[in-house]
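Report on the structure given below.
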Amino acid sequence: MQHIRNFIGGEFKEPASGLWIEKINPATGHTSGSIPDSDQRDVELAVASARDALSRWSETSPQERFLILERIARLIQERNEDLALAETNDTGKPLALSSNVEIPRAASNFRFFATAAMQFSSESHAMPDSINFTLRQPIGIVGCISPWNLPLYLFSWKVAPALAAGNCVVAKPSELSPTTAYLLGEICQEAGLPPGVLNIVHGLGFKTGEAIVRHPDIKAISFTGGTQTGKTISSITGPMFKKTSLELGGKNPCLVFEDCDFDKTVSEVARLAFSNQGQICLCGSRILVQRSIYERFRDALVQKAEKLRIGDPLDEHTQFGSLISEAHLKKVMGYIDLARQEGGICLTGGEIFRPEGRCKNGFFLRPTIFEGLGPSCRVNQEEVFGPVITLQVFEDETEALALANDSPYGLAATLWTRDLSRAHRVANKIQTGIVWVNCWLNRDLRTPFGGVRQSGVGREGGWEAMKFFTEPKNVCIQYSK
Ligand code: NAD
């Protein structure tokens, strides 16, 4: 049982309300601990601590910030085993995924932005008799709110650049997956991060999250989560003129052309569809396949999906774990029912899976593939955020593009082709923030990360993040010749 507490002013604190929320391990269905049911009072305390720490932290040298963030990265690496176990117990994802990918990537985020602190620079613009230079100053106190699907990875993706740029942070992880953020508090203590520079407040979105968003002293909000939540947040931050970055949902197309490397594409499409049980914002869910290879591709993909080893996430052989919660499982099952009502044919999956043993009450669903659903069906338009994909057929490049762009979302697309000219043409015309050609989830932390349309506003990653977390100020100096 894990009794999680807020991390405020460098100390672990109970919530002002004295109330707690039950935490469930989704792979077993059992209670695994509790988290604070924080409210405005806890956020107020966190803001006060951040305020006290701000002038010192914002004036630390880049070198000093680098050293502390680098220590945090190292300590995450050293504690990989317990962080990975916590991540898996909170989310139901395979332990191998947590320990080989997600926790190492969280360490990389801190290391990357540690070096960014050292290398960040600004521009100057010369005129015949004057020079402009742009100061990039920390914003002040910023709010970072993250979702449950890649908990520490996405939390650190925001917190690390915010700290590197010299801000103090009030952050909230998802109430469904809070443990690694809690452990990060311990790591920050050990790494020597001054008290109040990072404050982590746990609780519910509409209560704790909204208190962060509404607080007048929190000058910027970096949010990752659902599109509906993003709308609520921007309706609050808009009239307050708060700088806001929104990384939201997706309904990502995957375009498979007849000249693709067939075997590699089948394997990679299975991976991009079902990694983390389809609960990655970048997962492909609309698989568009050229008619000449459709049946062969469909059958090979179904076979791959059926071979995924589903079960106890702590088993080292497991490739496919549980969904995040009972409520989410019900939501995803609702989409499976809808797909059937809309005339879809279920090629595999479509049903709950009950493992033997300790996970018999967990929230498992088999990887699911539908065909026969047109582009305007709700299942092809709305984000399911689970292991449910659809297959659609296209004749040529024009039709593939029309299908791919027929979506209110625009986060990420993948193209599978050996024709270089086609790759360029299609990548140019696809309406998403990210395009991968013959690969998926190949990440370079310097690149801009984010989506268009209902997938969000703004970009994270590299200088984009450092620019978001700083305020530019132009200084123009005239001199006599
Ligand atoms: P969510 O929007 O329900 O919650 C995200 C976070 O916001 C949580 O910490 C939650 O407590 C908080 N929150 C909820 N309501 C709030 C409010 N009114 N004010 C302030 N905070 C509030 O999303 P989720 O279910 O945790 O995550 C899944 C969603 O996140 C999916 O839609 C997925 O596509 C999206 N996502 C997007 C990206 C991206 O980079 N674009 C990455 C991961 C996940």
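Coordinate-derived values only; no laboratory data. Keep in mind that what you see is a predicted model, and the values were worked out from it rather than measured. FYI the Cβ positions are ideal-geometry reconstructions off the backbone, even for glycines, and counts take in every protein chain you see.
Taken over the stretch 195-212, the residue count meeting the criterion of being more than 9 Å from the ligand (Cβ to nearest atom) and either on the phi < 0 side of the Ramachandran plot or under 21 Å from the mean Cα position of the chain (by Cα) (or both) is 7. Say whether the condition of being within 14 Å of the ligand (Cβ to nearest atom), within 30 Å of residue 173 (Cβ to Cβ) and among the charged types (D, E, K, R) is met by at least one residue in the stretch 293-313. No, the stretch 293-313 contains no residue that is within 14 Å of the ligand (Cβ to nearest atom), within 30 Å of residue 173 (Cβ to Cβ) and among the charged types (D, E, K, R). Among residues of the stretch 143-169 that are in contact (Cβ under 8 Å) with a residue 24 or more places away in the chain and within 9 Å of the ligand (Cβ to nearest atom), those with a beta-carbon under 7 Å from a residue that is assigned to a loop (DSSP other than H, G, I, E, B) and among the polar types (S, T, N, Q) at least six positions away or on a different chain give the pairs 146/174; 147/174; 148/174; 148/177; 149/279; 154/146.
Scanning the stretch 159-174 for residues that are of a type outside the set (Gly, Ala, Ser), in contact with a strand residue (DSSP E or B) (Cβ under 6 Å, 6 or more places away or on another chain) and under 27 Å from residue 327 (Cα atoms) gives a single hit, 172. Taking the criterion of being farther than 24 Å from residue 457 by Cα, within 15 Å of the ligand (Cβ to nearest atom) and of a type in the set (A, V, I, L, M), the only residue of the stretch 243-276 that qualifies is 273.
In the stretch 387-399, is there at least one residue being surrounded by 17 or more Cβ atoms within 10 Å (Cβ to Cβ) and assigned to a loop (DSSP other than H, G, I, E, B)? Yes - at least one qualifying residue is present in the stretch 387-399.
This table checks each residue for (1) surrounded by fewer than 23 Cβ atoms within 10 Å (Cβ to Cβ); (2) out of contact with any strand residue (DSSP E or B) (no Cβ under 6 Å at 6 or more places or on another chain); (3) in a helix (DSSP H, G or I).
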site	(1), (2), (3)
210	yes, yes, yes
223	no, no, no
229	yes, yes, yes
232	yes, yes, yes
235	yes, yes, yes
238	yes, yes, yes
266	yes, yes, yes
272	no, no, yes
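If you go through the stretch 324-339 and keep only what is in contact (Cβ under 8 Å) with a residue 24 or more places away in the chain, small (Gly, Ala, Ser) and in a helix (DSSP H, G or I), you end up with just 339. From the list 259, 299, the one residue that fits, being without any contact (Cβ under 8 Å) to a residue 12 or more places away in the chain and surrounded by fewer than 21 Cβ atoms within 10 Å (Cβ to Cβ), is 299.
Selection of the stretch 213-242 for residues being within 9 Å of the ligand (Cβ to nearest atom) and under 19 Å from the mean Cα position of the chain (by Cα) yields 213, 221, 223, 224, 225, 226, 227, 228, 229, 230, 232, 233.
Within the set 437, 457, the sole residue that is in contact with a strand residue (DSSP E or B) (Cβ under 9 Å, 6 or more places away or on another chain) and without any contact (Cβ under 8 Å) to a residue 40 or more places away in the chain turns out to be 437.
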